[in-house]
Amino acid sequence: MDTRVIQLEPGNAKSTALYRDVARLLSEGRLVALPTETVYGLAADALNEAAVAEIFAVKDRPRFDPLICHLPDARSIETIAEIPADVHGLVNKLAENFWPGPMTLILPRKSCVPDIVTSGLPTVACRVPQHEVMRGVAKALGHPIAAPSANRFGHISPTSAAAVQKELGGRIPLIVDAGACSEGLESTILRPCLDEKGKPAVEILRQGPVTVEQIRTVCRVLKPVREAQKNPVAPGQLPSHYAPAKPLSLHDPKKLFTPQPGVRYGLISYRGDSPLAKQENWQNITALSPGSGRLAEAAVRLFAVMRAMDEREDIDRIIAEELPETGLGRAMMDRLRRAAAANTLPD
């Protein structure tokens with residue numbers, strides 16, 4: 001299969017016509033890679049069971065890992081989800097504060113949502129993306145769009161059309177290229193619930209661009225629940241995920257690293273000026289936020305830097321500095337720990 005790439009600048013005169021063309025492909029059961037503000041997604045009509053099955057086949061994704069449904073606006077949530085009365089006000093408040101944007105809500109599903117989308121769970125993951133392209137196509141389609149990251153399962157999530165082409169070129173008919181993603185990390189996943197006093201609260205099932213600190217300005221955040229190891233209740237919960245082909249391990253940036261003889265190492269550094277980065281063991285050092293140490297910049301660059309390091313022929317293994325676990329740092333450390341879990345490397 002030849003994979004066609006269409007470049008699009010959102011908001012131009014041709015965008016509406018393209019949304020209709022892409023929606024037509026989706027209505028025919030085809031798959032299309034579409035940009036969001038988080039990562040590029042592999043899109044299918046969420047109400048077309050056969051098309052959603054193709055997502056799992058193309059990605060080699062296990063059927064027990066549920067998908068997120070992307071909607072054109074917050075009003076559309078009630079087409080696929082039942083919002084319990086005791087958290088209805090909280091859901092509205094979260095939507096007002098974080099939609100459109102990189103937040104996903106886990107809610108009881110309606111019967112129109114196929115089992116394959118939810119992996120048989122009684123809940124459905126709902127999101128209103130900030131990116132105009134995904135919302136525009138969803139509106140033109142008239143159905144929610146199921147769209148996990150547009151890469152082979154377990155690999156590094158793509159934040160550019162070029163990364164999608166490397167992952168899925170020849171497997172899908174079309175990639176819509178609207179430039180690099182602005183956030184660079186998958187959405188924060190929340191489950192609205194009641195606390196021990198019966199008051200609305202949320203559980204964070206996956207860290208992401210909407211931070212704990214931001215959520216706490218809206219509602220109470222319960223202590224993290226223990227993640228499902230084999231049967232996730234939300235996407236991105238498997239212990240090993242987002243992994244490069246080369247082994248990756250985490251290391252304290254203040255401590256020295258002892259290399260194994262004959263092994264060539266690359267370092268992913270936060271700022272590029274840590275004691276670890278000043279060692280002479282590295283074939284390559286790439287900083288996520290050179291000099292400035294801005295978590296937002298580091299988050300946007302994380303997956304692209306991991307992918308570039310993985311593609312270097314002069315590196316055998318990747319070391320990544322541990323990041324500050326505040327704000328976006330929590331989400332980045334979540335991704336790095338899952339990447340490291342695929343190949344545990346002794347220090």
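The values are calculated or read from the model by the stated rules, or taken from the named source; none is laboratory data. Just so it is clear, the model here is predicted, and its values are computed rather than measured. Positions of Cβ are backbone-derived with ideal geometry, glycine not excepted, and every protein chain shown enters the neighbour counts.
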For this session: Confirm whether VAL52 is surrounded by 15 or more Cβ atoms within 10 Å (Cβ to Cβ) and farther than 21 Å from HIS143 by Cβ.
Result: no
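Filtering region 246-256 down to residues that are in a loop (DSSP other than H, G, I, E, B) and at pLDDT 95 or above, which residue is surrounded by the most Cβ atoms within 10 Å (Cβ to Cβ)?
Once the filter is applied, the top-ranked residue is PRO253.
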Exercise. Does VAL52 qualify as being assigned to a helix (DSSP H, G or I) and under 25 Å from LEU185 (Cβ atoms)?
Worked result: yes
For this session: Determine, yes or no, whether ALA33 is surrounded by 20 or more Cβ atoms within 10 Å (Cβ to Cβ) and part of a strand (DSSP E or B).
Result: yes
For this session: Considering each residue of region 297-315, count those that are within 22 Å of LEU328 (Cα to Cα) and either out of contact with any Asp or Glu (no Cβ under 9 Å at 6 or more places or on another chain) or of a type in the set (Val, Ile, Thr) (or both), and give that number.
Result: 12
Problem set entry | Enumeration of residues in region 265-278 that are surrounded by fewer than 16 Cβ atoms within 10 Å (Cβ to Cβ) and touching a residue at least 12 places away in the same chain (Cβ under 8 Å) | ASP273, PRO275
Exercise. Quick one: which of ALA53, ALA44, ALA23, ALA85 is modelled with pLDDT of 95 or more and touching a strand residue (DSSP E or B) at 6+ places or on another chain (Cβ under 6 Å)?
Worked result: ALA44
Exercise. Which of the residues belonging to region 172-185 are in contact with a strand residue (DSSP E or B) (Cβ under 7 Å, 6 or more places away or on another chain) and charged (D, E, K, R)?
Worked result: ASP177
Exercise. Hey, among VAL210, VAL233, VAL218, which residue is touching a strand residue (DSSP E or B) at 6+ places or on another chain (Cβ under 6 Å) and part of a loop (DSSP other than H, G, I, E, B)?
Worked result: VAL210
For this session: Collect the residues in region 110-151 that are small (Gly, Ala, Ser) and either part of a loop (DSSP other than H, G, I, E, B) or without any contact (Cβ under 8 Å) to a residue 40 or more places away in the chain (or both), keeping them in residue-number order.
Result: SER111, SER119, GLY120, GLY142, ALA147, ALA150
Exercise. Looking at ILE172, ILE204, which is the one that is closer than 30 Å to GLY136 by Cβ, in the same structural domain as LEU34 (by TED's automatic domain parsing) and touching a Leu at 6+ places or on another chain (Cβ under 9 Å)?
Worked result: ILE172
For this session: Filter region 297-327 for residues that are assigned to a loop (DSSP other than H, G, I, E, B) and hydrophobic (A, V, I, L, M, F, W, C) and give the result.
Result: ILE315, LEU323
Exercise. If you check GLY208, GLY179, which single one turns out to be touching a residue at least 40 places away in the same chain (Cβ under 8 Å) and closer than 15 Å to ARG335 by Cβ?
Worked result: GLY208
